[in-house]
Structure formats: structure tokens, C-alpha cells
Amino acid sequence: MTDQNFLDATMPHLDAVWSIARRMTADPAAAEDLVQETYVRAWRGFEAQGRGDMRSWLVAICLNVGRSELRRTMRLPRVVAAVDQVAEPSASADVAGDAVVNVQREAVARALAALPEPQRRAIVLVDIGGLTAREAAEVESVPRGTILARVHRGRRQLAALVEREGLHHGP
Amino acid sequence: MAHDDPRVVPYLAGEFDAAGAEAFEGHLVDCDDCWRAVGTDRRGRALAESLRELAPPSLRDRVRMGVEADPPKTSPSRRRRGVGAVIAAAVTLVGAGVVASLGGGAPADPMAAIVEIAADPPAFGSLVIDGQRVELTRDVLDGRVVTVGRSAAPVAMPAGARALGEEAGAPWVALRGSMTVVCLSSPENLLVVGGLPAERLVSWARQLPAPAVPG
């Protein structure tokens, strides 16, 4: 196994790991550290892992590292409402439109943070991390049907909470 | 009272075959509760998906370099013990400062020593790498402690490091766990270690005021 084999197998899932890490800590620098540590640990265990399901494996490592960090520092909330205050450079010149999008995302992040923990985790894994229900069920060690039910309840509650804030999504 | 149809969740999960989906969609047209449940689920899904983010390009590079710099078959505990032994053998407290001698029987990766010191830094001191003295100070950048080493000549690029540019004398960067090590030769010879992206450390280091000349 070479580092290039590892990178070829895991880098396609970097956005998913990053999206989940961003929901685990309010500090973007800490989220980068979390992703970096996730990949270093995955690299050390890559040979034993073989060619299994890379995405759910990386996500499970990320969650474990995040939990360990939480226990160590007792500072990081498990899921946070953070949205980058400094937006990524955008080709768009629609500053007002971008501002509206940022406000909406902040509202969604707050609503997500207000969900019950099991629903929140299911949504983070499936809708934000992009895991299938089967993959999320493996990560959470629960039946697949449980994940589906949690995701459904969580989505309905999320929509209701955002609507209560007076924000609507989509056109 | 709204009814809670058990078919809603499997339908949304795409578990029905074409005939099953068509049958349930026939029910949806006539059932306000199920229609609302499906619509709300889809709105919630779109809202949640709006929180997906693309990883910053700098993180992509950082992860790649971290993997390439990390030997695959070294267990973390073995590595930590190894670095600890290096530090225990190499670091000697002298007064309030520290002198770490890594020349002669230097470890295979002398950067590990400075990373270890940067993670638990002394107030001040010096480090000798391959016979060259590196004077250490601490500073705070973006709320994090960074360790700054100054030397008479640039520290040679270690294995696993990369140059940040094509030109001669370009800064190099090495990643060790969550710590980033950068080395510049302009405007002075600096070794900077901290848990921040390399680009941030380099841009900050380039603006550091030159140290006062004693005497």
C-alpha cells in the first residue's frame, strides 16, 4: 500500500469529512486539525482496513477523534451552529444575495444544533456527510430503519424550526 | 388528527419498487397528511444539505502532505515514545532556558524534536540542529502559541518537507501531526512551528520585526 493508493481512495471523501468536522467545532482551524488527524489515523490503519467502505470508515474516525478531543478539552460542543463568518471567495458579484444565503445558512445551523442529539447526528451523517442510511447505521451501530426514522423526524423538525424563524428555503 | 403513515419513510428512502411508489403516490394525492409529511421532509433535507461545505484547497494540500510525511507502519504510541526519548536525551535545562543538542547522534527526524518543544514550549532557549544553533522564542498568532526559531543560516529541508515555490530559497514546510513547521530564509532565517496553516505562518513570519541586536 502506498500513500498514493491511500490518497486515491480517501481524498474523494474529504468534503464529506470536512462538512462533518465543521459541525463538530465552531473553530475552522480546529476543524482543519480534526480532518488532518482523521486522515493521519486513517493512513496508519489503511493496510488493515483494506478496500472496505472508505467514506463511512473516515467519518467514524472523524467522530471518534472529535469525541476524544471533546473529552480532552471539554470545550468543544458536539454539534455546533457555526457558519464561517468569512465567506469563501466567490465568483459572484451579488453581495446582497450572498449575504442572504449566509443568513439562511446561519439559521439552518442554529436549527440543526437545536435538534435532539440522535436526529441531529443522523442528519449530519446522511444529509451533510452524504452517507447512505446503511453506512450511517454502521457508524451509529443501530438498525438502518432507526436511521431512516431519525432522519425523517429530524428533517421535519428542522424545516419547522427554520420556518419559525421566518426564513424560507429555495425559490 | 393527522395519521402517521408507515409508508412515508420507506417511500422517501427510495425503497419501493416502481409499482409500490406509484401506488403510494396515488395515496399522496388524496392524503393531506402524507402530502405534507413528504413535502416537509424534502424541505428539511434541502435545508440540511445547504450546510454541506467544500473543503478549503489549503486543507487538501495539508492533508496530502501530512500523509506523505507520515510513515505508514509507525504506530502513534511507538512514535511518541521515540520522540520522548529523543527529547529526554537531547534537552538539558540550563538556568531558565533550554539547550537541546541534536547534532552528532541526531534523530532521523530532527523536526520531531522542535515540534515536541513547540507543543510544550520552554520560556526561551536554543536548539542545536546539525551543529547549528537555533534561538527559540514564543509568540501568539490567531490566539495560538507559535514557536519561532532564529538561526544564522537556514535550516536544511528535512525528508518529508516540501518547498513552497519553485525559486531558490523558497520557504519549506513540513507537517507533523497537527503542527506545521515552516522555514524561511528571507528576511531572516526563521523556523516557525504552530498549529496553523503554512501560508498563515509564512505570511506572519515575513512581517516579524527583526530582533534587537544586544550590546
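Since every read-out is calculated from the coordinates, none of them should be taken as a lab result. Given the structure is predicted, the values throughout are model-derived calculations rather than measurements. Cβ coordinates were reconstructed from backbone atoms using ideal geometry, including for glycine residues, and neighbour counts include every protein chain displayed.
Would you mind ranking B:Ser203, B:Ser185 by Cβ crowding within 10 Å, fewest neighbours first? Don't skip to the end; give the middle numbers.
On the way: B:Ser203 10, B:Ser185 16.
Result, fewest neighbours first: B:Ser203, B:Ser185.
Once you put a point 7 Å from the Cα of B:Ser185 and another 7 Å from the Cα of B:Ser203, both along the Cβ direction, what distance in nm separates them?
For B:Ser185 paired with B:Ser203, the spin-label model returns 2.5 nm.
From other protein chains only, count the Cβ atoms within 10 Å of every residue's Cβ in B:4-17, then give the mean. Write down the numbers at each step before the final one.
Details: counts 0, 0, 1, 0, 2, 8, 3, 0, 4, 9, 1, 4, 0, 0.
Partner-chain Cβ atoms within 10 Å, mean over residues of B:4-17: 2.
Mind checking the mean number of beta-carbon atoms from other chains within 10 Å of the Cβ atoms in A:150-161?
Details: counts 1, 7, 11, 3, 4, 10, 8, 2, 8, 10, 3, 2.
Mean partner shielding for this stretch: 6.
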